[in-house]
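Notes to accompany the following structure.
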Amino acid sequence: MDEEGSVGIVNTQNFTFAQPPNPLTLECGRTLGPITLAYETYGELSPEKDNAILIVHALSGNAHAGGYNEPGEHQPGWWDIMIGPGKGFDTRQYFVICSNVIAGCKGSTGPSSINPATGRPYALTFPIVTIRDMVNTQKELIDHLGIQQLLCVVGGSMGGMQVLQWVVSYPEMVRLAIPIATTAKLSAQAIAFDEVGRQAIMSDPHWKEGEYYGKPLPRRGLAIARMIGHITYLSERSMHQKFGRKLQDKTEYGYDFLTDFQVESYLRYKGDHFVDRFDANSYLYISKAMDYFDLTQPSGKLEESLAGVKSKFLVISFSSDWLFPSYQSKEIVSALRRVGAPTIYTEIQSDYGHDAFLLESEQLTSLMSNFLSHGRR
């Protein structure tokens, strides 16, 4: 291990399945295969194979959740604060798995992948996928690893949607479930923000109906989409505390359309940094999958969809999250309790907004460690 609490250097692995003539049938009715999922594991699987935790990521996440992919790497995995010896997901006790979702761009099959039928990137010929499709492909990976039941499935934001889909689609396979800062169905407001982001990408002159691979990338459109999204991940209070109306590298207004305020510079940095690590078409597909997620269907009643769940639940929300506000978590909790599912609910007081699930490590570690240790009995 490189440092105390770190899982050290981790290799990303690949699992390929749905080989012709046995492709996977997607919820949209189309088929896809072969499919590759990129994934990482941390810790050791017990001889009884009863200590596996599946972490599912949010929109822009990937399989690299903990540790480092190479020596000297500056940035650890996206949830490194929670994964490792002595952390919330203590790798001395648990075998932790994280995979990149289908339609992603970090090793899993997506629109930037080569279509074996044409020898070219899929681009917009890639089929529309849903949260259920993502979970179905994860199920294939868990089967491949020889795990019959997961101790826990956990994730925030879109990851929380996948947690809920897991307990509905495969109730016997999940002992404990931790949906964080999430919802059972995306609100009109959240869909609206997603659509503005997609329009920013598709309005970029370099997008070219998704056929930009090997050509100039739609960097500006994707950067704007990320800027829009990032605003929704923060809270008004956190933005005020961090930036206020402070100017960027100047003492007075420029009276032009260049950068005046620190918050402008910050958002531009976030947008520019994002385009170096993410594919614009993947952003379109994954955000659309979130829009389609509605666990109240087909009956219109959430408790009917949750009626068959077998898991124990820890539902977590954050006081300043206005993208997936606490009332949406409370709706999930109410439905779970109506169907008799053992459920603990906690609203964490935080100024970080929706991004709090990536930052509030101390409170999350305490909650999850206790839930995992008691729920395992």
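The values are calculated or read from the model by the stated rules, or taken from the named source; none is laboratory data. Keep in mind it's a predicted model, so treat the numbers as computed, not measured. Don't worry about glycine lacking a Cβ; one is built from the backbone with ideal geometry, like all the others, and counts go over all protein chains shown. To get the accessible areas, we keep the full protein, side chains included, count just its heavy atoms, and leave off ligands, DNA and RNA. Shrake-Rupley method; radii C 1.70, N 1.55, O 1.52, S 1.80 Å.
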For this session: Among what's in the stretch 278-299 and is open to solvent by less than 10 Å² (accessible area, probe 1.4 Å) and of a type in the set (Gly, Ala, Ser), pick the residue that is farthest from the chain's Cα centre (by Cα).
Result: Ala280
Exercise. In this structure, does Ala38 turn out to be in contact with a Ser or Thr (Cβ under 9 Å, 6 or more places away or on another chain) and not in a loop (DSSP other than H, G, I, E, B)?
Worked result: yes
Exercise. Closer than 21 Å to Gly107 by Cα and either acidic (Asp, Glu) or assigned to a loop (DSSP other than H, G, I, E, B) (or both) - does that describe any residue in the stretch 42-54?
Worked result: no
Seminar exercise, completed: Restricting attention to the stretch 185-199, the residues that are open to solvent by 10 Å² or more (accessible area, probe 1.4 Å) and either aliphatic (A, V, I, L, M) or not in a helix (DSSP H, G or I) (or both) number exactly 7
For this session: Would you please name the residue that is least open to solvent (accessible area, probe 1.4 Å), looking only at residues in the stretch 68-89 that are among the charged types (D, E, K, R) and out of contact with any helix residue (DSSP H, G or I) (no Cβ under 8 Å at 6 or more places or on another chain)?
Result: Asp80
Exercise. Within the stretch 98-110, can one find any residue that is farther than 30 Å from Lys215 by Cβ, surrounded by 24 or more Cβ atoms within 10 Å (Cβ to Cβ) and not small (Gly, Ala, Ser)?
Worked result: yes
Seminar exercise, completed: Checked Ser319, Ser334, Ser311 against criteria (of a type in the set (Gly, Ala, Ser) and either open to solvent by less than 40 Å² (accessible area, probe 1.4 Å) or within 21 Å of Val56 (Cβ to Cβ) (or both)); the one match is Ser311
For this session: Run down Ser366, Ser320, Ser305, Ser311 and say which single residue is more than 30 Å from Ala192 (Cα to Cα) and out of contact with any strand residue (DSSP E or B) (no Cβ under 8 Å at 6 or more places or on another chain).
Result: Ser366
Problem set entry | Inter-residue pairs, beta-carbon under 6 Å, first within 15 Å of Ser329 (Cα to Cα) and in the stretch 164-180, second open to solvent by less than 40 Å² (accessible area, probe 1.4 Å) and part of a loop (DSSP other than H, G, I, E, B), 6+ apart | Leu164/Leu295; Ala177/Ser311
Problem set entry | Unmet criterion (only one of (1) in contact (Cβ under 8 Å) with a residue 40 or more places away in the chain; (2) in contact with a helix residue (DSSP H, G or I) (Cβ under 6 Å, 6 or more places away or on another chain); (3) not β-branched (Val, Ile, Thr)) for Arg338 | (1)
Problem set entry | Selection within the stretch 122-170 - open to solvent by 10 Å² or more (accessible area, probe 1.4 Å), among the aliphatic types (A, V, I, L, M) and under 14 Å from Ser99 (Cβ atoms) | Leu145
Problem set entry | Subset of the stretch 200-225 (residues that are outside any loop (DSSP other than H, G, I, E, B), open to solvent by 80 Å² or more (accessible area, probe 1.4 Å) and over 18 Å from His273 (Cα atoms)) | Lys208, Glu209
Problem set entry | Top-ranked residue in the stretch 250-277 [being assigned to a loop (DSSP other than H, G, I, E, B) and touching a helix residue (DSSP H, G or I) at 6+ places or on another chain (Cβ under 8 Å); ranked as least open to solvent (accessible area, probe 1.4 Å)] | Val275
Problem set entry | Residues satisfying the stated conditions in the stretch 44-61, i.e. open to solvent by less than 30 Å² (accessible area, probe 1.4 Å) and closer than 25 Å to Gly160 by Cα | Asn51, Ala52, Ile53, Leu54, Ile55, Val56, His57, Ala58, Leu59, Ser60, Gly61
